[in-house]
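Asks: Once you've had a glance at the structure underneath, I'll fire off some questions.
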Amino acid sequence: MEVILKQDVQNLGYADDLVKVKDGYARNYLIPNLLAIPATPANKKMLAETIKQRAFKAEKIRKEAEFLAGKIEGLSVKIVAKASEKGTIFGSVTNADVAEALMAQHEIEVDRRKIALNGEHIKELGNYTAQVNLHKEFKVNLNLEVVAENAPAE
């Protein structure tokens, strides 16, 4: 019997796969547990449409990430933080601070969870690099300049 998997099933396949299984396995386990539906012509047609829409959405997301990567590549963001005379920051600079500064200075909105700092937090003044993971194909570097709040303007 052919069934369309609705969820990933170990040793069988992934969601939206069309698989052939024994009739008893399908009727007694897969279908009652809502892991699969019978592969009727109507369900196959719905599956084809679902896969087509998913591919269209994935391509749209990829194109948006590519556009954003082009805008971010090579940018520099200045982050102002309170610091001691020795250059140690009170607190730390996190990926949320980087996302906020990117929005304020360049009007580019990036989810803070997509920004990876080298190490967990930045605790000293200086120049750093953060990686922005926009898509599995697009990872760009962002230059960070952490300056003291009371530093003279250049």
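Bear in mind these aren't lab numbers, they're just calculated from the coordinates by the rules spelled out. Keep in mind that this is a model prediction, so the values were computed, not measured. In this analysis, Cβ positions are derived from the backbone assuming ideal geometry, glycine residues included, and neighbour counts consider all displayed protein chains.
Asks: Could you state the angle between the C-alpha long axis of helix 41-72 and the longest principal axis of the C-alpha atoms of the chain, as a value from 0 to 90 degrees rounded to the nearest 10?
Replies: Once rounded, the angle reads 10 degrees.
Asks: Also, quick follow-up: Positive end of the charge dipole of the range 1-79 (Lys, Arg +1 and Asp, Glu -1 on Cβ, about the Cα centre): tell me which of VAL19, ALA55, LEU5 has its Cα farthest that way.
Replies: The one lying farthest along the dipole's positive direction is ALA55.
Asks: Oh, and also: Out of residues 5 or more away from ASP17 or on other chains, whose amide H comes under 5 Å of its own, with H placed 1.01 Å from N in the peptide plane?
Replies: Placed amide hydrogens put LEU5 under 5 Å from ASP17.
Asks: Let me see the P(r) profile for the chain: every Cα-Cα distance counted, bins of 10 Å, each bin given as a percent of all pairs.
Replies: Calculated P(r), rounded to whole percents: 10, 27, 17, 14, 15, 11, 5, 1.
Asks: Here's another thing I want to ask about it. So how strong a dipole does the range 2-64 carry about its Cα centre when Lys and Arg Cβ are +1 and Asp and Glu Cβ are -1, to the nearest 20 debye?
Replies: For this selection, approximately 200 debye.
Asks: Give, in nm to one decimal, the length gained when the segment between PHE67 and THR50 is fully stretched (0.36 nm per residue of separation minus the Cα-Cα distance).
Replies: 3.5 nm
Asks: Which aspartates and glutamates, if any, have their Cα less than 12 Å from the Cα of LYS20, not counting same-chain residues under 8 positions apart?
Replies: GLU2
Asks: Could you give the dipole magnitude of the chain about its Cα centre, charging the beta-carbon of Lys and Arg +1 and that of Asp and Glu -1, in debye to the nearest 20?
Replies: Roughly 860 debye for the chain.
Asks: If you don't mind, there's one more thing I want to ask. For the pair LYS60 and ASN143, what calculated FRET efficiency results from E = 1/(1 + (r/R0)^6), where r is the Cβ-Cβ distance and R0 = 25 Å, to the nearest 0.05?
Replies: 0.30
Asks: Same structure again: Rounding to the nearest 20 debye, state how big the charge dipole of the range 100-154 is about its Cα centre with +1 on each Lys and Arg Cβ and -1 on each Asp and Glu Cβ.
Replies: Here the range 100-154 has a charge dipole of around 340 debye.
Asks: Nearest 5 is fine: what % of DSSP beta bridges in the chain come out antiparallel, could you say?
Replies: DSSP beta bridges in the chain are roughly 80 percent antiparallel.
Asks: Which value in deg cm²/dmol, rounded to the nearest 500, describes the helix-derived mean residue ellipticity at 222 nm for the chain, given -39,500 (n - 2.57) per DSSP H run of n ≥ 4 and division by the residue count?
Replies: -10000 deg cm²/dmol
Asks: Normalised by the number of residues in the chain, what is the relative contact order in percent for Cα pairs under 8 Å and 6+ residues apart?
Replies: Taking the mean separation of contacting Cα pairs over the length of the chain, I get 19 percent.
Asks: Can you list the lysines whose alpha carbon sits under 20 Å from that of LYS60, skipping same-chain ones fewer than 8 residues off?
Replies: LYS52, LYS71, LYS114, LYS136, LYS139
Asks: For the range 63-131, what are Rg and Dmax over the alpha carbons, in angstrom?
Replies: 12.8, 45
Asks: Which of these, GLY91, GLY126, GLY24, has the largest mean-square fluctuation under a Gaussian network model of the chain (Cα springs below 10 Å)?
Replies: Looking only at GLY91, GLY126, GLY24, the biggest GNM fluctuation is shown by GLY24.
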